[in-house]
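Heads up, the thing below is written out as structure tokens.
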Amino acid sequence: MSSKNIFESVKDFFERNRHSNKIIAIAVASVLALAFVLFSNYGVIKRVSLELNKTDLIESISQKELIKDSLKTRVDQLKNDDTEIERIARQKYGMVKPNEEVYFKKLEE
């Protein structure tokens, strides 16, 4: 082969594969774009993760609000209900009213 034929054959090779080079470039760009869409900080996977976290936080807030409401009711009850205060004083601290008789039941063993 002469040097002209080698040069022409290399030139023909690149001209024939120019179309496939474009396809490869488009495929690489597509893979990179897909990777960005899926795995970046603004990607689909991050979005799904944040949505799941948001759902968990909303559920936790709901539970905390229920606890808060029940505690608020209990505080109001203790502030305003003398019989509840008396019940706690008797049960928890063993307190009795003046001139009140207390009977103890002996437990059998």
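The values are calculated or read from the model by the stated rules, or taken from the named source; none is laboratory data. For clarity, every value in this text was computed on a predicted model and none was experimentally measured.
A few remarks follow.
- The listed residues are Ile6, Ile67, Ile26, Ile45, and the only one of them that is modelled with pLDDT of 90 or more and aliphatic (A, V, I, L, M) turns out to be Ile67.
- Residue check, Ser30 under 25 Å from the mean Cα position of the chain (by Cα) and of a type in the set (Ser, Thr, Tyr): no
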